[in-house]
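> This structure is in structure tokens; I'll ask about it shortly.
The values are calculated or read from the model by the stated rules, or taken from the named source; none is laboratory data. Because the structure is predicted, anything quoted here is derived from the model rather than measured. No Cβ is skipped: glycine too gets one built from the backbone with ideal geometry, and neighbour counts run over all protein chains shown. Surface accessibility is based on the protein's heavy atoms, side chains included, excluding ligands, DNA and RNA. Shrake-Rupley method; radii C 1.70, N 1.55, O 1.52, S 1.80 Å.
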Amino acid sequence: MSALSLEEDSEEEPKLKYERLSNGVTEILQKDAASCMTVHDKFLALGTHFGKVFLLDIQGNVTQKFEISSVKINQISLDESGEHVGICSEDGKVQVFGLYTREGFHDNFDCPIKVVALHPQFTRSNYKQFVTGGNKLLLYEKNWLNRWKMSVLHEGEGSITNIKWRANLIAWANNVGVKIYDFSTKQRITNVLRDNVTLRPDMYPCSLCWKDNTTLIVGWGTSIKICVVKERNPTEMRDLPSRYVEIVSAFDTEFFISGLAPLADQLVTLFFVKENSEHMDEEFRARPRLDIIQPLPEGCEEISSDALTVRNFQDNECRDYRLEHSEGESLFYIISPKDIVVAKERDQDDHIDWLLEKKKYEEALMAAEISFKNIKRHDVQKIGMSYINHLVEKGDYDSAARKCQKVLGKNMELWENEVYRFKTIGQLKAISQYLPRGDLRLRPAIYEMILHEFLRTDYEGFATLIREWPGELYNNMAIVQAVTDHLKKDPTNSTLLTTLAELYTYDQRYDRALEIYLRLRHKDVYQLIHKHNLFSSIEDKIVLLMDFDKEKAVDMLLDNEDKISTDRVVEELADRPELLHVYLHKLFKRDHHKGQRYHERQIGLYAEYDRPNLLPFLRDSTHCPLEKALEICQQRNFVEETVFLLSRMGNCRRALQMIMEELEDVDKAIEFAKEQDDAELWEDLISYSIDKPPFITGLLNNIGTHVDPILLIHRIKEGMEIPNLRDSLVKILQDYNLQILLREGCKKILVADSLSLLQKMHRTQMRGVRVDEENICESCHATILPSDMTRPFNVVVFHCRHMFHKECLPSPATIHGVQFCNICSAKRRGPGSGILEMKK
């Protein structure tokens, strides 16, 4: 088949694709002209104007040839099996025969026979029915004597131009309209009238097509009707046929109809087109159109429309075109005298080809990937390469490089070709971030070429690639040498230095990397030390680490004491006491005992660099020499620290004196006295405060719960003016009242609780106690109950659950007639009064 191009280059994708039927057909139509054609799933049957019938394969090659007549073949009909054919011609000849037997019907009529139609089951049927259409609709069938019998189904309405037989229904068209004959009931069931009676039926013949066994599509002139054969309700029959026809859709078209065929729920329609000339007031024959339309109840919707450039279309009339279809493969054949075109639905490959033709490469690539199972990988790559080339031509290098990932896949040769192409156009940077770096890896030279390009033009981009690319992709030493050469020109470039440190890390030369990181004070230095266990390399670099970040450095040293000892750190920081203090302070916060040998040293460090934490240190440390600490605090006049040390060393009176004299803080003095809880200190505090009115006010407000305020009030000199004395006295009275209320409240609670517990104990003691043969006498250790229960016996049971025979009970310990358990009394558990005496 040769390709058939459409004249218009529409932006809307066509629904069908077209090819010319060539091979043997080309030779036939050069000498003859096609007059009709019938399509079977297995082959084609072509009739010509010179009376010949050719059987063709679907490629157009001739398989058989029949000389039927010397004039035009009007119609060819095949049964469903494709084993029998019916042929009629303009000279009145009708032949029906088996393609493999040639036995059948042969007759000549005195008028042209326009159409012939075989029963769909002609081969299987015993009656071998077929119909012909000339001036009459004739039915032929074999009788029981194997002779042909003819009967007239219809006549009197002009020439019959079309017949379509489907199952038990025969549809035919004459000059008046379309009729349908029910072969099973021998009844004609409808008459669909022709709409435009001004059109000559021989020039604009009717097109008939069965969509299924009950749906007939009628096209005539510019009118299309869809008719459905339905069963009539038995109650409505009377003398009417058992079936009737309902027109479910009817609409007009713009052009003249030359053929119809179903496509799912849509219609494929072949139109004969006449257009007006631009220069003359006359019509001319334009290219025929093949449209796909969607029928609606009161109209239709155009889905697609293609104008076909068939050979000699300028010379053709409406009656010269025919549309045949193959139901099995949705193939549509457009027949004209000098050309046969095959239309078929476009598949995914056609969709992709159209997208590529329109340079819609992105959509084409997506479509190819979706249908990857049905498309070869190299075809997908071909599409993708076309897209990449298009993007490069547009100058969209980044998009082109990004598509390489998806298109080139694991094809190393294609990858390297693309890299060199991008190098040629000066766009290595664009493709660098998309190069494969996983399972598929290119040659190291490819990656090194890109790294050298970045090193030459973009230090930051070079550093990014070094961070992102695995070190195995390229020759690390070669890149290290290249960076070193650049650093000779720019020795302080931090980007190059950082990148060099990363390269040393990849090469496991961690000491060199560490030196650079420390020199740059780079944040990754700690991560490098931890990740590669470089603690032995930093023993002489502790000061550098702490100068960079004291907190991180100290945390790292303390977390790894097993690798760098405290003594080693202290030794390294000996000349930097401010750093040593930070280290020892954090060590002390973690564990008060680990650095005890340095506590004496820490006193001076706290005094010098961190006085706020000195007092907490003195409080928490149990290894700090108090005398040394007192000496340092007194030298520096640290009063609070000195007070604490004096109190801790037992010299509380001196400590209190310092608070009163140097701090002059009565609240702190009172608090100190409360902590020590020493009557002599309170006496000293009162004695010192007695001539200082503000101090007296403070004492009156705060000592009410520790010292009797009367003692203080009696010692105040008469006439001394004391600030806020009235408020202080009111507070003392309020405090006293509060104490009384608290005592009374406590007393009430105590009495209530005592009564509740007493009642609970009484209820408990009033309960019965089980005595059986398992219990024993606590004195003689014999069973408490006698073996002979008929004999009299006496048993004493105490609330403590000790039991005695009355005769075994020791001398009674009684108080006012109350007897107690001697065992519990001896153990000092408190007396257990006898609760039960059993007698029998």
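> Give the range 240-254 a look and list any residue that's of a type in the set (Phe, Trp, Tyr) and crowded, with 19+ Cβ neighbours inside 10 Å, or say none.
none
> Report whether or not Asp315 is within 28 Å of Gln59 (Cα to Cα) and without any contact (Cβ under 8 Å) to a residue 40 or more places away in the chain.
yes
> To continue, here is another question. Which residues, counting only those in the range 100-113, are surrounded by fewer than 24 Cβ atoms within 10 Å (Cβ to Cβ) and either touching a residue at least 12 places away in the same chain (Cβ under 8 Å) or farther than 18 Å from Lys142 by Cα (or both)?
Within the range 100-113, Tyr100, Gly104, Phe105, His106, Asp107, Asn108, Phe109, Asp110, Cys111, Pro112 meet the criteria.
> Please verify whether the range 90-99 includes one or more residues that are farther than 22 Å from Ser258 by Cβ, crowded, with 20+ Cβ neighbours inside 10 Å and of a type in the set (Lys, Arg).
Yes, the range 90-99 has at least one match.
> How many residues does the range 216-272 contain that are touching a residue at least 24 places away in the same chain (Cβ under 8 Å), not in a strand (DSSP E or B) and not charged (D, E, K, R)?
Qualifying residue count for the region: 6.
> Given the criteria assigned by the TED database to the domain that holds Glu357, open to solvent by less than 70 Å² (accessible area, probe 1.4 Å) and farther than 19 Å from Ile466 by Cα, does Asn417 qualify?
Spelling it out, it is not the case that Asn417 is assigned by the TED database to the domain that holds Glu357, open to solvent by less than 70 Å² (accessible area, probe 1.4 Å) and farther than 19 Å from Ile466 by Cα.
> Say whether the condition of being surrounded by 20 or more Cβ atoms within 10 Å (Cβ to Cβ), hydroxyl-bearing (Ser, Thr, Tyr) and part of a helix (DSSP H, G or I) is met by at least one residue in the range 444-463.
Scanning the range 444-463 turns up at least one residue that is surrounded by 20 or more Cβ atoms within 10 Å (Cβ to Cβ), hydroxyl-bearing (Ser, Thr, Tyr) and part of a helix (DSSP H, G or I).
> Continuing with this model, one more query. Which residues, taken from the range 596-630, are surrounded by 15 or more Cβ atoms within 10 Å (Cβ to Cβ) and within 18 Å of Glu551 (Cβ to Cβ)?
Within the range 596-630, Leu605, Tyr609, Asp610, Asn613 qualify.
> Let me ask something else about it. Would you confirm, using the coordinates I've provided, whether Leu465 is out of contact with any strand residue (DSSP E or B) (no Cβ under 8 Å at 6 or more places or on another chain), within 22 Å of Glu416 (Cα to Cα) and not assigned by the TED database to the domain that holds Lys406?
Yes; evaluated as a whole, the condition is true for this residue.
> Let me ask something else about it. Could you check, for the range 508-525, whether at least one of its residues is under 26 Å from Ala430 (Cβ atoms), not charged (D, E, K, R), not assigned by the TED database to the domain that holds Glu418 and not in a loop (DSSP other than H, G, I, E, B)?
Scanning the range 508-525, I find no residue that is under 26 Å from Ala430 (Cβ atoms), not charged (D, E, K, R), not assigned by the TED database to the domain that holds Glu418 and not in a loop (DSSP other than H, G, I, E, B), so the answer is no.
> Could you look through the range 464-509, keep only residues that are among the charged types (D, E, K, R) and over 21 Å from Arg519 (Cα atoms), and pick out the one that is least open to solvent (accessible area, probe 1.4 Å)?
It comes out as Glu468.
> While we're on this one: Search the range 47-89 for residues being under 17 Å from Gln129 (Cβ atoms) and part of a loop (DSSP other than H, G, I, E, B), and hand back the single one that is most open to solvent (accessible area, probe 1.4 Å).
Of everything passing the filter in the range 47-89, Glu80 is most open to solvent (accessible area, probe 1.4 Å).
> Got a sec? Which of Thr48, Thr63, Thr38 is under 18 Å from Lys164 (Cβ atoms) and hydroxyl-bearing (Ser, Thr, Tyr)?
One residue alone meets the criteria, Thr38.
> Give me a count of the residues in the range 143-162 that are surrounded by 14 or more Cβ atoms within 10 Å (Cβ to Cβ) and not in a strand (DSSP E or B).
Selection size over the range 143-162: 4.
> What number of residues within the range 532-581 satisfy the criterion of being among the small types (Gly, Ala, Ser), open to solvent by 50 Å² or more (accessible area, probe 1.4 Å) and at pLDDT 80 or above?
Of the residues in the range 532-581, 1 are among the small types (Gly, Ala, Ser), open to solvent by 50 Å² or more (accessible area, probe 1.4 Å) and at pLDDT 80 or above.
> Which residues, counting only those in the range 173-190, are open to solvent by less than 70 Å² (accessible area, probe 1.4 Å), out of contact with any Cys (no Cβ under 9 Å at 6 or more places or on another chain) and in a strand (DSSP E or B)?
Lys179, Tyr181, Asp182, Gln187, Ile189 - these are the residues of the range 173-190 that are open to solvent by less than 70 Å² (accessible area, probe 1.4 Å), out of contact with any Cys (no Cβ under 9 Å at 6 or more places or on another chain) and in a strand (DSSP E or B).
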